[in-house]
Amino acid sequence: MIKYIGVRLAQSIFVLFGLSLLIFFIARVVPGDPARVALGNLATEEQVQKLRAEMHLDKPFAVQYYYWLKSMLRGDLGKSLYTQRPVTTDLKQYIPATLELILFATLISLVFGQVTGVLAGYFRNSWFDNFSRLASYLGVATPSFVVAILLLFIFSQLLKLTPSVGRLPLMVKPPPTVTGFMVLDSLLAGRPDLALLALKHLILPAFSLAVIHIAQEGRITRSSLIENVQKDYIIAHEVHGIRPTKLVFKYLLKPSIIPTVTVMGLDFAFLMSNAFLVELVFFWPGFARYAVNAMLSKDLNAIVAVVLVIGVTFALVNLVVDIIITFLDPSIRIQRRGG
Amino acid sequence: MVGEQRIGLWAVLARKRRGLAKGWYKYSRNYLSVLGLVVLILIGLTAGLAPYIAPYPEHAGAYTNFREAGLPPSKAHLFGTDRVGRDVFSRVIFGYRFSLLLGVVVLSLAVPSGVILGLLGGYYNGTWIEVLIMRITDVFLAVPPLVLAMSIAAMLTPNLINAMIAISLSWWPWYCRLVYGVTASLRNQFFVREAELTGASKLHILFKEILPNCFGPIMTKVTLDMGIAILMGASLSFIGLGAQPPTPDLGTMLADGAKRLPSEWWSTIFPALAIVAVILAFNLVGDGLRDVFAVEEV
Amino acid sequence: MAPLLEVQDLHVGFKIFDGLLKVLAGVELAIGEGERVGLVGETGCGKTTTVKSILRVLPIPPARLDGGEILYRGRDILKMKAREVRQLRRTELTAIFQDPLQALNPVFTVGTQLRDIVLDSLGAAGQRLTRKEIIARCVQALEETGMPDPERIMSNYPIQLSGGMRQRVCIAEALIKAARLLLADEPTTNLDVTIQDQILRKLDELVEEKGMSVLMITHSLGVVMDLTERVYIMYAGMIVEEGRTEELFARPLHPYTQGLMKSVPKLTGEGISKGIPGRIPNYLDPPRGCRFHPRCEHGLPVCQEERPPLFTVGEGRRVACFLYRGGGR
C-alpha cells in the first residue's frame, strides 16, 4: 500500500514537471513582449530592457526554464506583474477563500447528491425519482456560471434573501485570520454571528458550483443503487432479518457509492475550473478570480504558478480519492496490498 | 464480374440501411432522446439560416441605437434589446451560429488527432511510442481542461479562433485516452493477431479492424462533447478570453448582462436559457446514442 | 399434525415488455415440523420464484401475485404486514441461496455480516448481548459448519474465501438465528463436485441437530434421494407429482418424472440417456390444459383442455395427470 502511494507520488511529480514545462513553453512562445506588457506603453525602452534582462527574456528557452525551476524549488515563484507582489504572497492570500468555497461545495454536493441518489434509486419510478431525474438533466446541462447568475438573480436580487457579493458584508470587519476560512475563523474568534454571515455569503456560490455535481454524481449513485438492489446479497440480508434502515444505509449504500467515488476525482477537476467563473459572478476574492485577472493581463509568473497549483491539487485529490476507494472496495485493496 | 460487384455494393448498402433502421428503432424508444434531436435540428436550422430568420440581422454586429436601448420583450423585439439597442433575439440566433461553429471546429481538430494518437499509443503498447504519447497525454490531463484552455487562450490574443485552438488543445487528450484504452485491450485479441500474421498493413489494422470497435463510444462522446465544447467556449468568452465584442457570443452576452442585473434581465436570462437549451439537447441526443450502441443484455 | 408451511394454489406472474409471464400456475406444497422435503425440477421451472414468494422477497413489480395463499402455522404470509414478515424472518424462516459469492456482500467482512444478523434478529426477540457474546456466537456458528479457523475467517472478505468456505458462511448466516424452517435453494450446485457432498452432509447434520424442517430445492435426483423424506416434482410452474422420496423414485407415475428418471445415466450402461424431447413452455403463452402435454407421449384429449389437479393415488401420493384420474391407472 505504501509502495503504491509512493509510486503514484513519483508519477505525479514527473507529470507535474512535464506540466510546468508545457505551460512555460506556451508562455514563452507567445508573440509579444511580456516586459512591455507589464510596464505599459509609457515606460521607456531602457526600463523595458532592464526588466527583460531581469526576467531572462533574452536568454534561450532552456536557460529561462532552468532559472525558473531553480527559484521555484526554493519557494520563489516570481513576482506578479499584476499585483506587484511575490506570487507566493498572492497565493497565500487567495487560496483559502477558494478552498473554503470548494470544500463547502463538495460538502453540499455529497449530502444532497448522495441522499437524493439513494432515495431516487431505492424508490425507483416514484414521483421523487422521476422529478429528480428530470431535475438532473437540467442540472447537468446548465453551466455553473449560468446557475450562478440565475441563483444570484432569483435569490439575491428578486427575493433579497442572500447577499450577492464577497465573503462578508462590505461594512463588516472580518475576524483575525487563523485558517483563512471565514467561517472557521469567525467561530475561533468567538463570533458566531460573523460565522453565520459568512455562511450566508457562502451558500449561493457553493451551491452554484455544486449543482452540476449533485446531478451527475446523484445519477451514478442512483443507477448503481438500482443495480445493487436486485443483487442476491441484498435479498439475503433481507431474508436474514436485517433492519430496513441498516439495510439501505449500510449494506446497500457502501457498494453503491464506489462508482460515484471513482468519478469524484475527475469531477473535482471540473469543480476547480468552474470556480473560476463562479468567483467572477460573486466577486469572490479567491484564487480563481486572481487567476482570471492574471490571465487577462498576461501576468506570466502568476499564470504559471496558478496552473501548477491547480495541477498539484488535482494530483493530490486524485490520490486521495484512490486511497478512499481502496478502503471501500476490498477487491481493489487486496490487489494493491502487495499483489 | 461487373454484375457481381454491383450486387456486392447493393448488399453493403442494404446492410447499412438495416443497421440504421435498427439503430433508429432503439434510439426512438426514449422520447427524451427524440425530443433532444428535434430541438437540436431546430437549433441547427435556426443557426444555419440565421441571416434569413433573424428579424434584425444587422444587429449581430456593431450596431448601436440608444433610442431603442434596454427595451423589455415585445412583439417587435422578442427577447428585448440590450444596452446599446441591439435585438437580443437576433443576437442569440447568431450566437448559436458561432457556438455551433466552435463546437464543430474544436471537435474536428481534437477528435482526429486524439483518435490517431490513441490508436498509435494503444497499438504500440509497451514501446517507447506508447510511453511518449501517453506521458504527453498525462501532462495535458494534469489540469482541468477549462484551466488549460484558459491558460492557452490567455497567452494568445483573445478572439474566437484562438479560443477554438485553445479548447482543441485541451480536448484531444480525452479522445486519445478513450481510444488508447480500447486499442490496448483489443490489441492482443485474435482478430488483430490474425490480421498481422496475414500481412495486413498497419494502416489497415488500425483503421479497419480496431477503429470500428471504438466507433460507438466515440460517437457518443462526440455528441456529448459538442455540448461541453460550447460550454467551454461560452466560459472563455464569459471571462473575456474568447470572442470579443461586437461578435454576438452567448458567453459575452451573459457577461455583459450579468453586470447589470437585475435591470434588463432579458439580456441575460434569454442567452442563459439558450445555452442551457443547446447543451441539454446535445446531452439528450448523446444519451440516446449511448443506448443505441449499448450492448443489450438478454 | 398441522403442517408448518402450506402453499396453496399459488399463482405468480412477471410483467415484462412483451406481456405477462405466467410463471407459477397453482403451486401446492406442504411441509411438516421436522420434515425434510425436496422440490425437484429443471432450471426455469419456477423453484426459485416459489422460494422467493414464501420469503416475500419477490420484486413486486414486475412480479405479481395473482392468487393463492402461503400459510405459515396457519397464517397467510402474503397478507402479513411488513413488520410481521420481518419478525417471521428473524425467528422462523431462513434460507440458503445458490451462488455463495453473490449471496454475500462483497464490501463487508464475514464478521460484520454475521454480527448484524445476530444483532437484528436477537434484538427483535428482545435479547441484548454484549459485543463479546455476539462475536462468540458468530464464531460458534462458523465452527458448527465445519469451518477451519473461524476467528480468522471473521475478518475476511468473501472474495478471499474459497467457494466451499463461502457456502459454509452462508450456512452459518442461515442457521445462526433460531429458525424452524430452512429453504435451501440449490445450495451446492455452484460448488466443486468434490465439496458438494461434504457441505450437504454437514447441512444435513446441523438441520437434524436443530430439529428444523427443510425444503431442499435442487435439480439433482441424487441429492433428493439422500436427504429428503418426501419430494415434490415441479414442472413449468406446477407441481406434477408428490410422494415419499423412496417410493416416488422407485415407482415414478407422472410422465415427466418418468422422463427425468430415464434421463439420469445409469451405471448399468444402457447408453447415453435420451432426455425428454421438446422444451419448457413459453410462459408468455403457456399451453392450455396440462403444461406438459406437448411433450408427453401419453397425451389424452382432455390434457389439452383442462389443467389436471393433483389426484390422490395413495397415502401422501399425488399425481397431476389425467392418466390417474380416479386414483389408479
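Within the range C:144-163, being more than 10 Å from every other protein chain (Cβ to nearest Cβ), crowded, with 21+ Cβ neighbours inside 10 Å and either in a helix (DSSP H, G or I) or at positive phi (or both) holds for C:PRO150, C:ILE153.
Take the range C:45-84 and flag every residue that is on the phi > 0 side of the Ramachandran plot and more than 13 Å from chain A (Cβ to nearest Cβ).
Within the range C:45-84, C:GLY46, C:GLY67, C:GLY68, C:ARG73, C:GLY74 qualify.
Among the criteria (1) in contact with a helix residue (DSSP H, G or I) (Cβ under 8 Å, 6 or more places away or on another chain); (2) open to solvent by 20 Å² or more (accessible area, probe 1.4 Å), the one B:LEU273 does not fulfil is (1). No other residue among B:THR157, B:THR81, B:THR127, B:THR137 is closer than 30 Å to A:LEU21 by Cβ and surrounded by 17 or more Cβ atoms within 10 Å (Cβ to Cβ) apart from B:THR137.
With respect to A:PHE249, is the statement that it is facing chain B (nearest Cβ under 10 Å), in contact (Cβ under 8 Å) with a residue 12 or more places away in the chain and among the hydrophobic types (A, V, I, L, M, F, W, C) true? The answer is no for A:PHE249. Just one of the listed residues (B:SER74, B:SER99) is among the polar types (S, T, N, Q) and closer than 26 Å to B:SER168 by Cβ, namely B:SER99. Could you go through the range A:230-241 and let me know if any residue there is within 14 Å of chain B (Cβ to nearest Cβ), out of contact with any helix residue (DSSP H, G or I) (no Cβ under 8 Å at 6 or more places or on another chain) and surrounded by fewer than 19 Cβ atoms within 10 Å (Cβ to Cβ). The answer is yes, given that some residue of the range A:230-241 is within 14 Å of chain B (Cβ to nearest Cβ), out of contact with any helix residue (DSSP H, G or I) (no Cβ under 8 Å at 6 or more places or on another chain) and surrounded by fewer than 19 Cβ atoms within 10 Å (Cβ to Cβ). Close Cβ contacts (under 6 Å, 6 or more residues apart or on different chains) running from residues in the range B:128-143 that are within 13 Å of B:ILE116 (Cα to Cα) and aliphatic (A, V, I, L, M) to residues that are open to solvent by 20 Å² or more (accessible area, probe 1.4 Å) and at pLDDT 85 or above comprise B:ILE133/B:LEU117. Restricted to the range A:52-161, the set of helices (runs of 4 or more DSSP H) holding at least 1 residues that are of a type in the set (D, E, K, R), surrounded by fewer than 21 Cβ atoms within 10 Å (Cβ to Cβ) and within 14 Å of chain B (Cβ to nearest Cβ) comprises A:127-141. The set of residues in the range A:289-298 that are open to solvent by less than 40 Å² (accessible area, probe 1.4 Å) and either within 9 Å of chain B (Cβ to nearest Cβ) or over 30 Å from A:ALA27 (Cα atoms) (or both) comprises A:ALA291, A:VAL292, A:ALA294, A:MET295.
Taking A:LEU204 as the residue in question, decide whether it is within 14 Å of another protein chain (Cβ to nearest Cβ) and modelled with pLDDT of 75 or more.
Values: within 14 Å of another protein chain (Cβ to nearest Cβ): yes; modelled with pLDDT of 75 or more: yes.
Taking the combined requirement at face value, the residue satisfies it.
Among residues that are over 15 Å from C:VAL110 (Cβ atoms) and either away from chain A (no Cβ under 12 Å) or of a type in the set (Ser, Thr, Tyr) (or both), C:LYS132 is included.
Checking each residue of the range C:178-197 against the condition of being in contact (Cβ under 8 Å) with a residue 60 or more places away in the chain, within 12 Å of chain A (Cβ to nearest Cβ) and of a type in the set (Lys, Arg) gives no match.
Within the set C:ARG128, C:ARG166, the sole residue that is touching a residue at least 40 places away in the same chain (Cβ under 8 Å), charged (D, E, K, R) and either open to solvent by 10 Å² or more (accessible area, probe 1.4 Å) or not in a loop (DSSP other than H, G, I, E, B) (or both) turns out to be C:ARG166.
For the range A:289-305, the criterion of being closer than 30 Å to A:LYS3 by Cα and not in a loop (DSSP other than H, G, I, E, B) is met by at least one residue.
Against the list (1) open to solvent by less than 30 Å² (accessible area, probe 1.4 Å); (2) assigned to a loop (DSSP other than H, G, I, E, B); (3) within 9 Å of chain A (Cβ to nearest Cβ), the condition C:GLN113 fails is (2). Please work out which residue is farthest from B:LEU280 (Cα to Cα), limiting yourself to the range B:191-215 and to residues that are open to solvent by less than 10 Å² (accessible area, probe 1.4 Å) and either of a type in the set (S, T, N, Q) or in contact (Cβ under 8 Å) with a residue 40 or more places away in the chain (or both). That would be B:ILE205. Among residues that are assigned to a helix (DSSP H, G or I), more than 8 Å from every other protein chain (Cβ to nearest Cβ), in contact (Cβ under 8 Å) with a residue 24 or more places away in the chain and over 22 Å from the mean Cα position of the chain (by Cα), B:ASP256 is included. Considering B:VAL106, B:VAL111, B:VAL84, B:VAL131, the condition of being in a helix (DSSP H, G or I), of a type in the set (A, V, I, L, M) and more than 14 Å from the chain's Cα centre (by Cα) is satisfied by B:VAL131 alone.
The rows are residues; the columns are (1) modelled with pLDDT of 85 or more; (2) surrounded by 15 or more Cβ atoms within 10 Å (Cβ to Cβ).
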site	(1), (2)
C:LEU248	yes, yes
C:PRO265	no, no
C:PRO277	no, no
C:PRO286	no, yes
C:GLU305	no, no
C:VAL319	yes, yes
C:GLY326	no, no
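Residues that are over 14 Å from C:GLY38 (Cα atoms) and among the hydroxyl-bearing types (Ser, Thr, Tyr) were ranked within the range C:189-219; the one that is surrounded by the most Cβ atoms within 10 Å (Cβ to Cβ) is C:THR189.
Each row is one residue, and each column tells you yes or no for (1) modelled with pLDDT under 90; (2) of a type in the set (D, E, K, R); (3) under 16 Å from A:PRO205 (Cα atoms).
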residue: A:GLN84; (1), (2), (3): yes, no, no
residue: A:THR88; (1), (2), (3): yes, no, no
residue: A:LYS92; (1), (2), (3): yes, yes, no
residue: A:ALA97; (1), (2), (3): yes, no, yes
residue: A:VAL118; (1), (2), (3): yes, no, no
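In the range C:79-108, the qualifying residues are those that are touching a residue at least 40 places away in the same chain (Cβ under 8 Å) and in a helix (DSSP H, G or I), and the one that is surrounded by the most Cβ atoms within 10 Å (Cβ to Cβ) is C:PRO100. The number of residues in the range A:260-279 being crowded, with 21+ Cβ neighbours inside 10 Å and at the interface with chain B (Cβ under 8 Å from one of its Cβ atoms) comes to 6. Checked against (1) of a type outside the set (Gly, Ala, Ser); (2) more than 14 Å from every other protein chain (Cβ to nearest Cβ); (3) in contact (Cβ under 8 Å) with a residue 60 or more places away in the chain, A:PRO174 passes all but a single condition, namely (3). Counting only strands (runs of 3 or more DSSP E) that sit wholly inside the range C:1-78, those with at least 1 residues that are farther than 23 Å from C:GLY243 by Cβ are C:5-16, C:19-31, C:63-72. All conditions in (1) open to solvent by 10 Å² or more (accessible area, probe 1.4 Å); (2) more than 7 Å from chain B (Cβ to nearest Cβ) hold for A:TRP284, with the sole exception of (1).
The values are calculated or read from the model by the stated rules, or taken from the named source; none is laboratory data. Here the structure is a predicted model, which means the values were calculated and not measured. Every residue, glycine as well, gets a Cβ built from its backbone with ideal geometry; the counts of neighbours run over all protein chains shown. Surface areas here come from the heavy atoms of the whole protein model, side chains and all, with no ligands, DNA or RNA. Shrake-Rupley method; radii C 1.70, N 1.55, O 1.52, S 1.80 Å.
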